[in-house]
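This report concerns only the one structure given below.
The values are calculated or read from the model by the stated rules, or taken from the named source; none is laboratory data. None of these values were measured; they are calculated from a predicted model. Cβ placement follows ideal geometry from the backbone for every residue including glycine, while neighbour counts extend to all protein chains displayed. Note: areas computed on protein heavy atoms with side chains; ligands, DNA, RNA excluded. Shrake-Rupley method; radii C 1.70, N 1.55, O 1.52, S 1.80 Å.
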Amino acid sequence: MDLVFWEIARASGLAAYAALCISVLSGVAPRTQALSFLAHNRAVRALHDWTPWIVIPAALTHIVALVLDATARIGVLDVFVPFLTSYGQLAIGLGTISVDLLIIVLITTWMRRRLSNNAWQWWHRVSYLGFVTMFLHSMLSGTDLTSPVIAALSWASAIGIGYYALERLGKALNPARIRA
């Protein structure tokens, strides 16, 4: 039975990672100079708004499958508190941190109307850190990254997100360039 839980954990982990990549890319890329023409595209906006509804159940399935898998030895406390596992502390701890950060992003998104726009934007930017920790988690503990296709897609997504995030950061740090 543990093999079934392991396969469910692998598939749901990949699904959560892919959906998060799509969500972050569709959120950051249209706000860059190169792809600003997509900023008002309804399909891109819907993609960004609705992919978290794939991330949430996929991540929950991933976590539950690992908790139920006796071989994985992941306890309920390990799900919320990083670096407690008896093995793979860094890799699994990064996964825990990514889930914690994504929970924060989701809760603050649901509370958006109660927050100032500036506060909400800062909390929403935590998703970049959530992506980085999930990427590192997948690199360090993901067994499917030995597949060239999955590895290529994963690295391409990470490079794209990194590029667009740095472009936005550069724009934010150089407001004079925006006005010119």
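Here is a check on your reading of the model: is V132 over 23 Å from A165 (Cβ atoms), assigned to a helix (DSSP H, G or I) and open to solvent by 40 Å² or more (accessible area, probe 1.4 Å)?
Values: over 23 Å from A165 (Cβ atoms): no; assigned to a helix (DSSP H, G or I): yes; open to solvent by 40 Å² or more (accessible area, probe 1.4 Å): yes.
Criteria not met by V132.
Pick from A34, A11: which is touching a residue at least 60 places away in the same chain (Cβ under 8 Å) and touching a helix residue (DSSP H, G or I) at 6+ places or on another chain (Cβ under 9 Å)?
That would be A34, the only listed residue that is touching a residue at least 60 places away in the same chain (Cβ under 8 Å) and touching a helix residue (DSSP H, G or I) at 6+ places or on another chain (Cβ under 9 Å).
Looking at the range 62-100 only, could you name the residues that are open to solvent by 60 Å² or more (accessible area, probe 1.4 Å), on the phi < 0 side of the Ramachandran plot and either without any contact (Cβ under 8 Å) to a residue 24 or more places away in the chain or assigned to a helix (DSSP H, G or I) (or both)?
V64, L68, V76, L77, F80, L84, S86, Y87, Q89, L90
Scan the range 14-26 and give yes if some residue there is of a type outside the set (A, V, I, L, M, F, W, C) and either assigned to a loop (DSSP other than H, G, I, E, B) or within 23 Å of A172 (Cα to Cα) (or both), otherwise no.
As a first pass, look at the range 14-26 and keep what is of a type outside the set (A, V, I, L, M, F, W, C): 17, 23, 26.
Cutting the leftovers down to either assigned to a loop (DSSP other than H, G, I, E, B) or within 23 Å of A172 (Cα to Cα) (or both) gives us 23, 26.
Yes: one or more hits.
Within the range 101-115, can you find the residues that are open to solvent by 70 Å² or more (accessible area, probe 1.4 Å) and farther than 20 Å from S26 by Cα?
Hits for the range 101-115 are M111, R113, R114.
Please determine, by comparing only the residues of the range 140-161 that are within 15 Å of A91 (Cα to Cα) and modelled with pLDDT under 90, which one is surrounded by the fewest Cβ atoms within 10 Å (Cβ to Cβ).
Checking each candidate, the answer is T143.
Cβ-Cβ under 6 Å, sequence separation 6+ or interchain: first residue in the range 137-151 and polar (S, T, N, Q), partner part of a helix (DSSP H, G or I). Which pairs?
S138/Y17; S141/A91
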